[in-house]
Amino acid sequence: INAEYGEKIKFSPMPESRACCGLDGCYHPNPELHPAAGEPHKNQTSSLPHTGEAVLRTSSNQLRRAETPTTTSDGQAVNIMVVTWNMGNAAPPDALDALLPACGGTADLIAVGLQGCEYPVVEPKGPAPDGVYHDGTIRQVHHVISRFLAQLGSTWEIVESAEVGGVKLVLFSRLGLHGHLGGIEFSQTTTSSTKGGTAIRLRVRDTSIAFMCCHLGGEEGHTRHREKRNDGCAEVFESARLGWSQCDVMSQTDHVFFFGDLSYRLNPAEDGQSKAGVHQKVVQMAKEHKWRELWVWDELAAETGAGRALYGFTEAEQTGGVYQFEPTYKVKRQAQLEYDGSCIPAWCDRILWKSLVAVKSDLRQEGLRVCGDISTSDHKPVQAQFALRTSPLPAYVRTNDTAFIKFHNLQGRGLKSCDIGGQSDPYVVFRGSGIEEQQTHAKRSTLNPDWQEAECPPLRCYVQDREALSRCTLILVIVDSDMVTSDDFMGSVQLHLGATQNGCAVDGDVVVFDLPVVWCGQHCGNLKGSFSMVWEKDGGPLSQGQFGVKEKGGCCVLA
C-alpha cells in the first residue's frame, strides 16, 4: 500500500492578530506558532495512531464548500512569504525592514531567493556566521543569510538552503512549525541556459510544497534570447528531480512556487523609434500607471499564454494577472526611483505559482508588492504573501466498499519527441496518493499513441471515504521507454477525481477529458480519454469481475 504514516493533528481556530512576543511591532495571527518571549515553544496537540491503522496522505485535502484558505476545525492556515531579489552583487542595506518585517510579521514560512549574491563582506575578520537548521545541525551561512536571521529573531530557524554561484535559496520557518515539517529535499544546478537554479521541497503537515529560484540570461531584444529563457525554465525543472525521480516536481507536488530574476523583458512596438525613444515611452507609461498597456508587451506573459514556458502558472492573482507597480529593472542605485537608460524597463523579477487541480483553492495570494526602498541594487525586490490551508490526514480503513478507477480509452496526440528519428515509445504511469500505482505497456515509435480499455489497468483506491477521494488528484505521467538508457519523462496530466472542474466533461457516470500534457512547464501535446469510478458495494462491474481483477490471498492481482 502506498501510504505514509504520520500524525493526526487537531487544530484550534486561529485567533485574531495581536502582539505575540516582547518585540515591538510584531503581530502574528497564530501565537501558538510564535510564543511569547522567554516562554517555551508550544506545538499543536498531536498523537500518533496506536491501533495498527495506516494513515494515508492525500494530495488534495481542500475543504468542501470552502472558497478561501481560512482556518477551520479540520485544518489550519499557514502564512507564506516569498521574496525574490537580484542583489546586483552588492551588500544589503543596514536596514532590512523594507524587505523582511521584523520577527517575520504574520508569516510562518519565508522563502527568500537571491540572485547576484556575490559581494565582498567588509566586516571584522573571523569565522563565517553560523545558522541553526531544522535537522539540528549548525552550519556556516552566507553573510546575508545571517542578516536575515537577525532580522527574524530567535523564534525562527533555517529549514534548508541551496546555492549555486550567486543564486541562493533559503527557507525559514517559525519554531512552532518544527514538528510539522518533513520530507525536506533540495537541489542546485547550473545549465547552459541559466546562471543557476535551486529548489527546496518539503511537506507541511500533509501538504507538499516546493520553492524554486533561478536566474535566467538577461539579454534583451532578440527572439533567441527569449527562447533561451524558455529553455532555462524547463532545464531548472528537468534538473530538480525531487520526490519521485521519474517526473518533474510539478507533477507530484501540491503547490510549487517559481521565482527569481527571470529576465523576461518588455518588447513594445517601436514604430521606428530609437531605443532611447522607446525607453522614454515606457518610463512615461509607468509614471501614468498604464500597467495593462505595458503588460501587453511582457515577454513572460506571452510565453506562458502560448504554453512555451511556465504553462499553467499564476501570478499577480489579486490584480488580474498584471503587476501594478513600476518595472523592477533596470534602476539606478539610489533612494528615488529612476531608470538606467541602458535597458528598457521591465518586470524581470517575478513570483509565480502552480497547484495541483484538486487543491488549487487551498492557496490564496494575499499581497504582492515591490520593495522600492531598497536602493543597493539595480533591481528592486519583489515580495508576495500567501495563505495556505492544510488539513488533517485521512485514515486508511479497509472495507468492502472499495473503489476502482477504470479508463475506457486513452489517446495521446502530438506528444514530445524523445528518440532519434523524432519518435517516442510512450507508456502511462498512474499515480496518486491513496491510489494503487499501475502503468500501461509502451506503444512503439509514435507520438500519437492509443490504449484501448483492455490495455488500461484498473486502479484500486485505498482511500475509502468517498468525499475524500473526490478531492484527490490522479496524475497520468507519460514516459518514453528506452532499451539502453533510462526512460525519459514526457509530461503529465492532472485528473481531478471530483470530475467537475479542470476541463473534464461528465457524461453520466463516465468522465470525458481532453487535457494538455505539460513537460517541465511547456505544453507538449494532449491526452484525452474517459474513465469511471466504480464501488464494489454498489454492485458495479468490478464486483462481477468484468475488469479482470481477482482477489487472491487478500491482495489485488491483475488477471
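The values are calculated or read from the model by the stated rules, or taken from the named source; none is laboratory data. All values derive from a computational prediction rather than experimental measurement. Using ideal geometry, Cβ is built from the backbone for each residue, glycine included, and neighbour counts are taken over all protein chains shown. Please note that ligands, DNA and RNA were not included when accessible areas were found on the heavy atoms of the full protein model with its side chains. Shrake-Rupley method; radii C 1.70, N 1.55, O 1.52, S 1.80 Å.
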How much of the accessible area of region 288-435, in percent, comes from carbon and sulfur atoms when a 1.4 Å probe is used?
-> 47
Given a Förster radius of 22 Å and the C-beta distance between Asp514 and Thr314 as r, what FRET efficiency does 1/(1 + (r/R0)^6) yield to the nearest 0.05?
-> 0.50
Calculate, in nm to one decimal, what Lys275 and Ser154 gain on full extension: separation in residues at 0.36 nm each, minus their alpha carbon distance.
-> 38.6 nm
Distance in nm between pseudo-label sites at Ala95 and Ala306 (7 Å out along the Cβ direction from Cα) | 4.4
Expected field for Asp425, accessible surface area in Å² at 1.4 Å probe radius, rounded to 10, holds 20
Per the 1/(1 + (r/R0)^6) rule, R0 = 30 Å and r from the Cβ atoms of Asp419 and His441, FRET efficiency to 0.05 is 0.95
Tell me, rounded to the nearest percent, the portion of alpha carbon pairs in region 214-273 spaced more than 19 Å apart.
-> 44
Expected unfolding gain across Glu366-Lys287 under the 0.36 nm per residue rule, minus the alpha-carbon gap, is 25.9 nm
Highest mean first, what order results for 457-467, 225-235 on Cβ atoms within 10 Å?
-> 225-235, 457-467
Under 15 Å from the Cβ of Leu171, count the other residues' Cβ atoms, weight Lys and Arg +1, Asp and Glu -1, and hand me the total.
-> -1
Kirkwood hydrodynamic radius over Cα pairs of region 268-336, then Stokes diffusion coefficient at 10 °C and 1.306 mPa s, in µm²/s | 116
Round to the nearest 10 and report in Å² the accessible area of Arg308, as given by a 1.4 Å probe over the protein chains' heavy atoms.
-> 120
Student exercise, region 105-193 dipole from Lys, Arg, Asp, Glu Cβ charges, in Debye to nearest 20 = 180
Quotient of C-alpha Rg and 2.2 N^0.38 Å, computed over region 296-405 = 1.52
Sequence order, region 224-231: Karplus ³J(HN,Hα) from phi using 6.51 cos²θ - 1.76 cosθ + 1.60, θ = phi - 60°, Hz rounded, Gly and Pro as x, gives 5, 5, 5, 5, 5, 5, 4, 4
Pulled fully out, how much extra length does the chain show between Asp340 and Thr137, if you take 0.36 nm times their separation in residues and subtract their Cα-Cα distance?
-> 68.7 nm
Given a cut-off of 25 Å, what percent of all Cα-Cα pairs of region 378-492 lie beyond it?
-> 42
Within the set Lys354/Lys380; Lys281/Lys416; Lys168/Lys443, which residue pairs have Cα atoms separated by over 31 Å?
-> Lys281/Lys416; Lys168/Lys443
Kindly sort Tyr323, Tyr311 by accessible area of their heavy atoms, largest first, with the probe set to 1.4 Å.
-> Tyr311, Tyr323
